[in-house]
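The values are calculated or read from the model by the stated rules, or taken from the named source; none is laboratory data. Only a predicted model underlies this, so the values are computations on that prediction, with no experimental measurement involved. Because the Cβ atoms are built from the backbone with ideal geometry, glycine has one as well, and the counts that use them run over all protein chains shown.
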Amino acid sequence: MKHIFKLSELPKLAVPSDLFNVRFIHADSVTVAFNELKIVAEVPSHQHIHETIDFVQEGMLQMTIGDETVEMNAGSVARVPSNVWHGAKALSDCKVINFFYPVRDDFSAATSSPTT
């Protein structure tokens, strides 16, 4: 079984907008998503059972969790509890890494072919 990958080898999540590029990997208990968002890309407010840690690697992201809205920049980390409403908007081009627990099985069903 292969354990080391290039980001370009990971499955790409099929999203309905060119403003997003999302690749992901599953472990036994977690899913990690590597997101590239173009400025003005918006993740509408939603909720799910997955606990999430969001890490802004590059750029600026406006994040709303429950009734709290903040501007996050590179190096910022957010914690989203299970079933709490949350959403985001890219204030610049940015890269964000999401850590989900438990595994996002729905991601596997919504993939497109990886491209390099």
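Tabulated data
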quantity: The range 56-70: number of residues that are under 17 Å from residue 82 (Cα atoms) and surrounded by 15 or more Cβ atoms within 10 Å (Cβ to Cβ); calculated: 3
quantity: Test: residue in the range 22-29 that is without any contact (Cβ under 8 Å) to a residue 40 or more places away in the chain and either surrounded by 14 or more Cβ atoms within 10 Å (Cβ to Cβ) or on the phi > 0 side of the Ramachandran plot (or both); calculated: yes
quantity: Scope the range 37-55; condition crowded, with 17+ Cβ neighbours inside 10 Å and under 15 Å from residue 20 (Cβ atoms); matching residues; calculated: 37, 41, 43, 54
quantity: Enumeration of residues in the range 1-48 that are in a strand (DSSP E or B) and closer than 15 Å to residue 87 by Cβ; calculated: 20, 35, 37, 42, 43, 44, 45, 46
quantity: Flag if residue 84 is surrounded by fewer than 17 Cβ atoms within 10 Å (Cβ to Cβ), at pLDDT 95 or above and more than 26 Å from residue 9 (Cβ to Cβ); calculated: yes
quantity: Residues satisfying the stated conditions in the range 87-107, i.e. assigned to a strand (DSSP E or B), basic (Lys, Arg) and crowded, with 18+ Cβ neighbours inside 10 Å; calculated: 89
